[in-house]
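Take a look at the structure set out below.
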Amino acid sequence: MRAMDYDREQLRIAQEAGLRMLLEIDRLSELYGFRYFLDAGTLLGAVRHQGFIPWDDDVDVAMPREDFEIFLKHVRDLSSEFELVMPEGYNDGKAFFDFTPRIIYKRSRRHSSDEETAFYGGKLNHLWTDIFILDNIPDCPVKDRVTRFLQKCIYGMAMRRRYGIDYGKYGALDRLRVGVLSAAGRLVSLKRLIAMQDRLSKKYDDKPSKRYYYSNYQPDFLQVTLDKDWVGDGRRLPFEGHMLSVPRDYDSVLREIYGDYMQLPPEEKRVPSHHSEEIEVF
C-alpha cells in the first residue's frame, strides 16, 4: 500500500474508536488505581503528534504485571461495548494468535467475515487495543538470555495453532526454527503452552530486578528492555485533546524501541498497519 492509497476517513473512524478504548482504560485506572502507559506507536504519537500518528490504526498500552492483575479484578466494569480477550479466548481455546491480551471494541468490524475470521471465533474482526505486560527480567545476564530464549520457544510451539504461518517473511534459518518449534507444538496442548508462558513471565516478579521486559511481545521484540526508573508512576501528556498516561522517562523508552524516534519514516512507509477500507463502527 502506498501512502496515498488508504482511506483517511476510514482511518479516522478507527482512531476515534481507539481513543474511546483508551479513555475507558484511563477511567478504570483512575477508579481503581492501577498504572497503564501508552506504548509503542501510540506513545510515539503522543510525543511526536500529541495524538495518533496520522497514518496509525493501532492502539497499544503497557501495564506492569501487578497493575494488570488489578485491572483483571475489575475488568467486569468495562463498558458493555468493550470486551477483554485473553490469549486462550480464541475459538474456545482452540486457536492461537499471540500471548497479548486485548480489549476489543465489539461495535466494530474490520472487514467482511472469511475463513481466517471464523478460525479465531470472530474475535479478531474488531478494532482492538493491545495490552503489553511488563514483567521483571533477571539482572543476571545468563538468566536473562535463558528467559527470553524460552519465551521464544514457547511462542514458536504455540504457532502450531495459528490459522497459518507465513514462512515467506523469515530467512532460511528462522524458517527452520519456526518449522521445528511448530512441529513440536503438536505434542503440547495450547492450554498447557499458555500456562507455561504465564508461569515463565511471572517467574522473577517476586525477585529483585532493576528492569522490565515485555513478556508477551512477539519474539522479534522480546529484546526490548526498560529500566524501572523509566516507567515509574508515569506522567500525563496530551493525546487527542485528553491527558493520558505515559512512562515517566518516555524519551528513554522510545529510544529503546525506535532509536531516533523523532525522525519521520519515508513517505511510502506512512501507511496503516492494517487495511482500513472496510472498517465499520456501529
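Laid out as a table, the results:
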item: Residue check for F99: out of contact with any strand residue (DSSP E or B) (no Cβ under 7 Å at 6 or more places or on another chain), within 24 Å of F239 (Cβ to Cβ) and of a type in the set (A, V, I, L, M, F, W, C); result: no
item: P272 vs. criteria over 19 Å from the mean Cα position of the chain (by Cα) and either modelled with pLDDT under 95 or not small (G, A, S) (or both); result: no
item: Every residue from region 214-224 that is under 22 Å from A46 (Cβ atoms), surrounded by 14 or more Cβ atoms within 10 Å (Cβ to Cβ) and either at pLDDT 95 or above or among the hydrophobic types (A, V, I, L, M, F, W, C) (or both); result: Y214, N216, V224
item: Near pairs, Cβ below 8 angstrom, 6+ apart or cross-chain, from region 114-128 (in contact (Cβ under 8 Å) with a residue 60 or more places away in the chain) to any residue that is assigned to a loop (DSSP other than H, G, I, E, B); result: L127/R110; L127/I279
item: Spans of helices (runs of 4 or more DSSP H) in region 188-282 with at least 3 residues touching a Lys or Arg at 6+ places or on another chain (Cβ under 7 Å); result: 228-231
item: Subset of region 98-120 that is in contact with a helix residue (DSSP H, G or I) (Cβ under 7 Å, 6 or more places away or on another chain) and under 19 Å from I13 (Cα atoms) - its residue that is surrounded by the most Cβ atoms within 10 Å (Cβ to Cβ); result: I103
item: Test result for A95, over 29 Å from A158 (Cα atoms), touching a residue at least 12 places away in the same chain (Cβ under 8 Å) and surrounded by 19 or more Cβ atoms within 10 Å (Cβ to Cβ); result: no
item: Extreme residue, modelled with the highest pLDDT, among residues of region 93-123 that are in a strand (DSSP E or B) and among the charged types (D, E, K, R); result: R102
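The values are calculated or read from the model by the stated rules, or taken from the named source; none is laboratory data. Because the structure is predicted, anything quoted here is derived from the model rather than measured. No Cβ is skipped: glycine too gets one built from the backbone with ideal geometry, and neighbour counts run over all protein chains shown.
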